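Data block below; observations after.
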Amino acid sequence: MQNNIIDQSKDVTILEILDRVLNKGVVLSGDIVISVADIDLVYVGLKLLVSSVETMEKKRLNHENSILNP
Amino acid sequence: MSNILCIYAITGSANVTTFIQPEVNIGIKGMANTETFAIGFKGISAVVSKHHKTGFIHNQKTALDYAKTIESISQTHNILPLRFGTFVKSRKDVTDILSKHYDEFVLNLNKVNNKSEFGLKILCDSKQIENEIRRKYYSKENELKSTFHNGTPARSYLQAKFKEHLIEKELLKETDQIIKAINKRLDTFTSEMKSRKMITKNILVDAVYLIEKNQKEGFIDAIKNMESQYDNMNFVLTGPWPPYSFTDLTTK
């Protein structure tokens, strides 16, 4: 179970990073900026991030409960 | 095969001493193991890497590499991170962007100078909070029962909907109170914050904070203290991040 939580936490970190680089930061647009591919291919929606955070928290709580009530 | 330049971040400003000298390889790897270098204009620079237009793959790995490069630059420089996927054709395009938006870049660079971003999500067991609200508003439930009593399907439906509405309203009120209490507590550490409430039933608050780097420890301690006060909630704190959420800049 502990490894599972660590994996989940790693996934959440990756999603937090992707949420930032894909959805935040300075946006340069206009004729100068070119598009080389469809960015939507790697788009990670906030919903996915949120559900991952929730899953991670659930697993953490279950893990804590299993320690307190073996 | 034509080359394109990927822009990672804008760095430096007239007031900032950590300005990257133009045209110097800054020793930080970019996407696809490329070298990054700076293109400058009047005391600000864009950190870029060169790529072939064809054959460049946009996927999760390149997006994470992009974030890693931004993270590395931010370790030693004041930066405005750019959104993934910003490519231009030439160095001239980069200097054109820097000159055209010079004032906005400098303004934002000064705003985020020596600061980091932290993310905070506050999670709760919404069912537990709902039950507490139900207990608190037991008398209102009785009122409801007398208003909608007699058990026809339409009335039962209305009763259920109205009850949902009341609970949601109270949950929002409670969330507002929590946000207010948290902001009051974090105010001394925070230069700027943005928050959204109730993005799902279980995530009460999704907030980002811009913090002076020397306030980091105090900020983290304050969050830890607050978490111990709200024992039915979980605080998920992430950071420090480069200031992705505080560069209010979309150029045209």
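Report the residue count in the stretch B:44-97 for those that are in a strand (DSSP E or B) and open to solvent by 30 Å² or more (accessible area, probe 1.4 Å). Walk me through how you get there before you give the answer.
Going residue by residue through the stretch B:44-97, those that are in a strand (DSSP E or B) are B:44-52, B:79-82, B:87-88.
Adding the requirement that they be open to solvent by 30 Å² or more (accessible area, probe 1.4 Å) leaves B:50, B:52.
Residues in the stretch B:44-97 being in a strand (DSSP E or B) and open to solvent by 30 Å² or more (accessible area, probe 1.4 Å): 2 in total.
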Review point. What number of residues in the stretch B:106-149 are modelled with pLDDT of 90 or more and among the charged types (D, E, K, R)?
Key: 3
Check your understanding: Hey, B:Met233 hits all of (1) open to solvent by less than 20 Å² (accessible area, probe 1.4 Å); (2) under 30 Å from B:Asn108 (Cα atoms); (3) within 14 Å of chain A (Cβ to nearest Cβ) but one; which does it fall short on?
Key -> (2)
Practice item. List every residue pair whose Cβ atoms sit under 9 Å apart, with the two residues 6 or more apart in sequence or on different chains, where the first one lies in the stretch B:57-72 and is in the same structural domain as B:Asn33 (by TED's automatic domain parsing) and the second, anywhere, is in a helix (DSSP H, G or I) and of a type in the set (Ser, Thr, Tyr). Key: B:Ile70/B:Tyr244
Review point. Which condition does B:Gln159 not pass, out of (1) at pLDDT below 80; (2) crowded, with 16+ Cβ neighbours inside 10 Å; (3) within 19 Å of the chain's Cα centre (by Cα), if it passes all the others?
Key: (3)
Practice item. Filter the stretch B:205-229 down to residues that are within 14 Å of chain A (Cβ to nearest Cβ) and either charged (D, E, K, R) or over 16 Å from the mean Cα position of the chain (by Cα) (or both) and give me whichever is least open to solvent (accessible area, probe 1.4 Å). Key: B:Asp206
Check your understanding: Which of (1) more than 26 Å from B:Tyr8 (Cα to Cα); (2) touching a residue at least 60 places away in the same chain (Cβ under 8 Å) does B:Gly218 not meet, given it meets every other one?
Key -> (2)
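The values are calculated or read from the model by the stated rules, or taken from the named source; none is laboratory data. Because the structure is a prediction, the values reported are computed rather than measured. No Cβ is skipped: glycine too gets one built from the backbone with ideal geometry, and neighbour counts run over all protein chains shown. To get the accessible areas, we keep the full protein, side chains included, count just its heavy atoms, and leave off ligands, DNA and RNA. Shrake-Rupley method; radii C 1.70, N 1.55, O 1.52, S 1.80 Å.
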